[in-house]
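The next block holds one structure in the form of structure tokens; read it before the comments.
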Protein chains: 2
Amino acid sequence: MSNYKVKFLPDDKNVEVAEGATLLEAAEKADIYINSLCGGEGLCGECRLQVISGKARADKNAIGFFSKEEIENGYVLACQTKVEDNLEAVVPAKSHLEKEKIVTEGVSLIYSEPESISLYKRPTDPASFFEPLVSKVYLELREPTLDDNIADIDRITRELSKKTRYSSFEISLACLQNLAAKLRQHKWHVTATVARHNGIGRILQIEGGDTTNQNYGLAVDVGTTTVVVQLVNLKTGKVIGVEGSHNRQARYGEDVISRMVFACSRGGLEPVHEAVIANINTLTQALSREKGIDTKDITSIVAAGNTTMSHFLLGLMPCSIRLEPYVPTATIYPQITARDIGIDINPQGILEVMPSVASYVGGDIVAGALACGLADKQEVQCLVDVGTNGEIAVGNNDWIVCCSASAGPAFEGEGSKWGMRATKGAMEKIEIKDGQVTYETIGKAKPRGICGSGLIDAIYELARNKVIGQDGKFNLSPDGRRIIVEDNEPQYILAFPEETETGQAITISESEIGNLIKSKGAVFAAMKSLTDYVGLTFDQLNIIYVAGGFGSSLDIPKAVAIGLLPDVDTSKIQFIGNSSIMGARMALLSTPAFEKAVNIAKKTTNIELSNYLPFMDEFMAALFLPHTDTSLFSSVHY
Amino acid sequence: MSNYKVKFLPDDKNVEVAEGATLLEAAEKADIYINSLCGGEGLCGECRLQVISGKARADKNAIGFFSKEEIENGYVLACQTKVEDNLEAVVPAKSHLEKEKIVTEGVSLIYSEPESISLYKRPTDPASFFEPLVSKVYLELREPTLDDNIADIDRITRELSKKTRYSSFEISLACLQNLAAKLRQHKWHVTATVARHNGIGRILQIEGGDTTNQNYGLAVDVGTTTVVVQLVNLKTGKVIGVEGSHNRQARYGEDVISRMVFACSRGGLEPVHEAVIANINTLTQALSREKGIDTKDITSIVAAGNTTMSHFLLGLMPCSIRLEPYVPTATIYPQITARDIGIDINPQGILEVMPSVASYVGGDIVAGALACGLADKQEVQCLVDVGTNGEIAVGNNDWIVCCSASAGPAFEGEGSKWGMRATKGAMEKIEIKDGQVTYETIGKAKPRGICGSGLIDAIYELARNKVIGQDGKFNLSPDGRRIIVEDNEPQYILAFPEETETGQAITISESEIGNLIKSKGAVFAAMKSLTDYVGLTFDQLNIIYVAGGFGSSLDIPKAVAIGLLPDVDTSKIQFIGNSSIMGARMALLSTPAFEKAVNIAKKTTNIELSNYLPFMDEFMAALFLPHTDTSLFSSVHY
């Protein structure tokens, strides 16, 4: 079988593949991320490429995705096209998954957190104590004598039980095997690295001398779309760096369902598992290089993600998560040695994955519930995490119920032409007055697209200005200025070509508005169903925390006005950003917090909305701005 | 550098080694065991070989070990002689470590146990419950539904907590990784293998269907001289096979001290560690072949040995055990996956090493104390384990004290010309009357040597017949019949050439008798010191259990008469054989028994005899038959 060369433009990346490989596989090999929402099934039509030289064999079933002109110009679907010659192919900007900007631009605003929510220290709350899951303890041991000749390891644990919360310890054989020489070589001055494991102390390593200044941990948010890693100094508790990147699993499908289909059929679990490991390793290496830290001094990781992401991370088959009755392999995950799944930190360093509640209520929402103290108070609080799934948790120190609804990635900036994540150049605040659009962008750059908070603003402003009706359809006819028709549907121009970075107009179309209304409707219907289920009204919620990747801030009144959030006293609604990584970091820094997270996962009752009939009615009723039942939004007037 | 061929005779084994390798190394490579008491230091003179062709370079310091005639005939020390040519060397029978007979001959009598001591089942004693450390539990799970869609692993543990003593469980990632498919493939009928680990249940594997009939364990006695493996059916509790062999570490030194010197200096730990692993693997393979058992169905091992042997087994450096203040790395050993140290059983199968008390009071004596129920009763009991070290434990359900004294391997049949372990052909009972010697041998074979019990008989009979005095010296002059002079010292012929298997006379010499008196003196002095220490007389001991490799039986009155055991009512002395493997098997078959062993190890106080001044006086006083203080042996008359 022959090998052929494929050149990808405009990146000018060259790669050699065997005859018959698909262009999508070739692109993967060239490390080019191409949109593939359906996971390479030839169904979504997202992985468009233009072959400009050489012979490729495209599947004729893919023809439906292209105009006659496009076909003549060599447009194909990368996943349905086989390499049969040396080729040159152009990757259109739309197909090319944008390289994550926050990697090169440093800390993105999206990952900042309100100070009031970040790890607090209140002596009355045991979970607030600073007591990392893995700590280093320096020991100056007395030399053994004939009157005190207990075993070396007992000499260590005798001292450790005075200096830690643990009274018994376990130790790996590897750690024992060079212990005797190490103790004597370092004159009985050593540092023990101790992790919590099944309620007892697990000694991960013994180092010579005092190394307590070299102890770092990672809080990781494994999102469907984005992977974020925070590097934390475990001696001081301070975050010293953050990096994020696109989840590399996107090449196997944009959403969790298509990734599960990929992993459970032709593709296998391995590449999907390895993709996220590569994500974490790349981000960790970048962080440690940047901060001058040796990765062997990273002793612990706490990762939070939805249940499917957690399964992929640990290499657990997620196939039964996808199908009724939606059963995961595990919800409380074992503590493992990170190195065992290929994460390159200290060889004995541990990985804890935040526990899940059920197949569609994951460790991310548990982390969020931990971060906002849902289980701490007698008052009933609510957490709404708007990601690709909308996840809602309601509860107090006695009980927690939660549910999940597919919201689509609209508010994360996916699935619309100009939607983007909340990185530099994203329009995050928009106002329309007298036909004039004013806006703010992240980093005060020229606009490159619109992030979640901008989209909420846009819909609200369009409705307030009667550009669209409360059904989301355009009221006004095209005027040739802001309102135009493209691809057979009305669009509103939010930024003219001369204002933008790309020189193209940034628009929002009727169908995109429709998608956003479906997303907000799903989130609201889930909140309504869940509160109804427990017999509460929205007013009885003491506070509503809103988490998600909307942007650096969220205009709460506008979010209420479009019907995403309920019409309550807006001072009771608080936007907290990425609560998943916040909770992961709390667990990393506080053993009692980690234990509390396990308790939250165990005590939370999951309500399967697919099983709960009123949900569909609620969803249908919510497909309106703000809602078909105006009595629910009595303070909202357009 | 050239390679040379070395042929070893009479085995006719050929091997190729690099120039400069020693003949001892060549022999190791050829898998020929050669005596090397000193560990290859050129000190003991045991590794004599005769080079009959080719050129070797012998160290001139070794000359002292040979007569002029021997040197002319090519005799050298294998450890001090380098290969510089193709060679042929003859291994004399004396240098050649006899291949362990019990391997080929099946169950040796030495490993049998009195039924009264072997695993009992008394409902009043929690330790007597049959409840293996690793058990297989068959589960018929209900299929998940939307109303009962807990995680797969939770479905398993929910059922396991009903069927086992555990309420919480840990599971390895490897075990989770294929769980979902396995459960569905086998229609929710699976077998869980569960081990006790830090007080909770550790799920080692999940197999499809009912495999509870395939669950085996190994009880292993890692003796300094001999390694014995019992294969146990963990469903029935029955021993289904036993194999034993010479400890292959002997090539690195005959006793623990020289092996420690080897491991802590030139040789390194690795070969000593690997030798005992190879022992266990060879014996296990032989047993499983013989019994038609797949080694992957062996799920657990409990090994007992002295502290140094336990360290070697686990690959822990024993260097500080040897030197004051005698500190081991650990006395309570971690549960490990046997495969991690190269033991070839089920990949998830566990190894527990019986806990030790101190550097010279090991897991073998703890196992023995468990086996004879030392901690079970209010009455004070005593265990005397006569091995290369004599180890004594005295105690009851409240307290236990113990000590250890170097006894030498005399009673295990080592260190004398015709001494042998209690295998086929060993003279185990000897009587002398009117100058006539009558004897019994193991397996009723022609005599090949004398085992421990035979040596005790021989000394007693020689003294009773006034052949030797109570100081162990020959009274009678050589008579040319039974009493002869050889190698410049008097010898007594116990079997004439025409009676024996080898056609050589089996003798016992004055210096050998002296060594045996030293050994018995050390054991008695240790017992006396320990009972004095706790303020007890021998009469206050409720029972004295005697363990060790003497033979299939031990003539208690004769053992008392030579002063090995104290002069108490002999009905209170009970010989129990190999109590180490008995205790290991109890722990293997009973989790409460294993837990009790840990408690025994923790609550036992070790008395360092090297630190206890009266011991040396006791030892000097005991170098007489039966003792210099005749009031201690008032019932003994020669």
Could you tell me whether A:V380 is closer than 14 Å to A:N578 by Cα, modelled with pLDDT of 95 or more and not polar (S, T, N, Q)?
-> no
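Can you find even one residue in segment B:532-539 that is part of a helix (DSSP H, G or I), open to solvent by less than 10 Å² (accessible area, probe 1.4 Å) and on the phi < 0 side of the Ramachandran plot? Explain how you work it out, then say what you get.
To start, the set of residues in segment B:532-539 that are part of a helix (DSSP H, G or I) comprises B:532-533, B:538-539.
Restricting the remaining residues to those that are open to solvent by less than 10 Å² (accessible area, probe 1.4 Å) gives none.
No: segment B:532-539 contains no residue that is part of a helix (DSSP H, G or I), open to solvent by less than 10 Å² (accessible area, probe 1.4 Å) and on the phi < 0 side of the Ramachandran plot.
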State which residue is farthest from the other protein chains (Cβ to nearest Cβ) when the search covers only segment A:591-616 and only residues that are of a type in the set (F, W, Y) and crowded, with 20+ Cβ neighbours inside 10 Å.
-> A:F594
Among B:A250, B:A263, which is the only one that is farther than 30 Å from A:E170 by Cβ, in contact with a Leu (Cβ under 9 Å, 6 or more places away or on another chain), hydrophobic (A, V, I, L, M, F, W, C) and not in a strand (DSSP E or B)?
-> B:A250
From the options A:V220, A:V190, A:V229, residue that is of a type in the set (V, I, T), open to solvent by less than 10 Å² (accessible area, probe 1.4 Å), within 14 Å of chain B (Cβ to nearest Cβ) and at negative phi | A:V190
Reported set for segment B:107-140 where residues are in a loop (DSSP other than H, G, I, E, B), open to solvent by 20 Å² or more (accessible area, probe 1.4 Å) and either modelled with pLDDT under 50 or within 14 Å of another protein chain (Cβ to nearest Cβ) (or both) is B:V107, B:S112, B:E113, B:P114, B:E115, B:S116, B:L119, B:Y120, B:K121, B:R122, B:P123, B:T124
What number of residues within segment A:596-615 satisfy the criterion of being part of a helix (DSSP H, G or I) and either of a type in the set (S, T, N, Q) or in contact with a helix residue (DSSP H, G or I) (Cβ under 8 Å, 6 or more places away or on another chain) (or both)?
-> 10
Take segment B:144-181 and flag every residue that is assigned to a strand (DSSP E or B) and more than 7 Å from chain A (Cβ to nearest Cβ).
-> B:D148, B:F169
Might you let me know whether segment A:268-288 holds any residue that is more than 14 Å from chain B (Cβ to nearest Cβ), over 20 Å from the mean Cα position of the chain (by Cα), part of a helix (DSSP H, G or I) and of a type outside the set (A, V, I, L, M, F, W, C)?
-> yes
Quick check: is even one residue across segment B:499-511 open to solvent by 30 Å² or more (accessible area, probe 1.4 Å), more than 22 Å from B:G425 (Cβ to Cβ), in a strand (DSSP E or B) and not acidic (D, E)?
-> no
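Taking the conditions exactly as written (at pLDDT 95 or above and part of a strand (DSSP E or B)), does A:I432 satisfy them or not?
Values: at pLDDT 95 or above: yes; part of a strand (DSSP E or B): yes.
Yes: the conditions hold for A:I432.
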Name the single residue, out of those in segment B:447-480 being closer than 15 Å to B:G563 by Cβ and in contact with a Lys or Arg (Cβ under 6 Å, 6 or more places away or on another chain), that is most open to solvent (accessible area, probe 1.4 Å).
-> B:Y460
Conditions (1) assigned to a loop (DSSP other than H, G, I, E, B); (2) out of contact with any Ser or Thr (no Cβ under 8 Å at 6 or more places or on another chain); (3) at pLDDT below 80; (4) open to solvent by 20 Å² or more (accessible area, probe 1.4 Å); number of the one not met by A:N61 | (1)
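Here is a yes/no grid of residues against (1) more than 36 Å from the chain's Cα centre (by Cα); (2) within 30 Å of A:I200 (Cβ to Cβ):
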site	(1), (2)
B:E170	no, yes
B:A180	yes, yes
B:R196	no, yes
B:G201	no, yes
B:E207	no, yes
B:N213	no, no
B:G223	no, no
B:V239	no, no
Collect the residues in segment B:263-296 that are free of Cβ contacts under 8 Å to residues at least 60 places away in the same chain and open to solvent by 60 Å² or more (accessible area, probe 1.4 Å), keeping them in residue-number order.
-> B:S265, B:R266, B:E270, B:T282, B:Q285, B:R289, B:E290, B:G292, B:K296
Can you tell me which residue in segment A:483-498 is most open to solvent (accessible area, probe 1.4 Å), limited to those that are modelled with pLDDT under 95 and assigned to a loop (DSSP other than H, G, I, E, B)?
-> A:N488
Do we have any residue at all in segment B:571-584 that's within 14 Å of chain A (Cβ to nearest Cβ) and of a type outside the set (A, V, I, L, M)?
-> no
Pull up segment B:562-586, narrow it to residues that are assigned to a helix (DSSP H, G or I) and open to solvent by 10 Å² or more (accessible area, probe 1.4 Å), then point me to the one that is farthest from B:P132 (Cα to Cα).
-> B:T570
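For segment A:346-357, check the following and say yes or no: at least one residue is in contact with a strand residue (DSSP E or B) (Cβ under 7 Å, 6 or more places away or on another chain), closer than 26 Å to A:G535 by Cα and among the hydrophobic types (A, V, I, L, M, F, W, C). Show your work before the answer.
Here is the first cut: in segment A:346-357, the ones in contact with a strand residue (DSSP E or B) (Cβ under 7 Å, 6 or more places away or on another chain) are A:346, A:348-354, A:357.
Now restrict to residues that are closer than 26 Å to A:G535 by Cα: A:357.
Checking the rest, the ones that are also among the hydrophobic types (A, V, I, L, M, F, W, C) come to A:357.
Looking through segment A:346-357, at least one residue is in contact with a strand residue (DSSP E or B) (Cβ under 7 Å, 6 or more places away or on another chain), closer than 26 Å to A:G535 by Cα and among the hydrophobic types (A, V, I, L, M, F, W, C).
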Subset of segment A:193-202, residues free of Cβ contacts under 8 Å to residues at least 60 places away in the same chain and either more than 10 Å from chain B (Cβ to nearest Cβ) or hydrophobic (A, V, I, L, M, F, W, C) (or both), comes to A:I200, A:G201
Test A:I517 against the criterion of being surrounded by 24 or more Cβ atoms within 10 Å (Cβ to Cβ), of a type in the set (V, I, T) and in a helix (DSSP H, G or I), and give yes or no.
-> no
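The values are calculated or read from the model by the stated rules, or taken from the named source; none is laboratory data. The structure presented is a predicted model; accordingly, all values stated were derived computationally and were not measured. Every residue, glycine as well, gets a Cβ built from its backbone with ideal geometry; the counts of neighbours run over all protein chains shown. Surface accessibility is based on the protein's heavy atoms, side chains included, excluding ligands, DNA and RNA. Shrake-Rupley method; radii C 1.70, N 1.55, O 1.52, S 1.80 Å.
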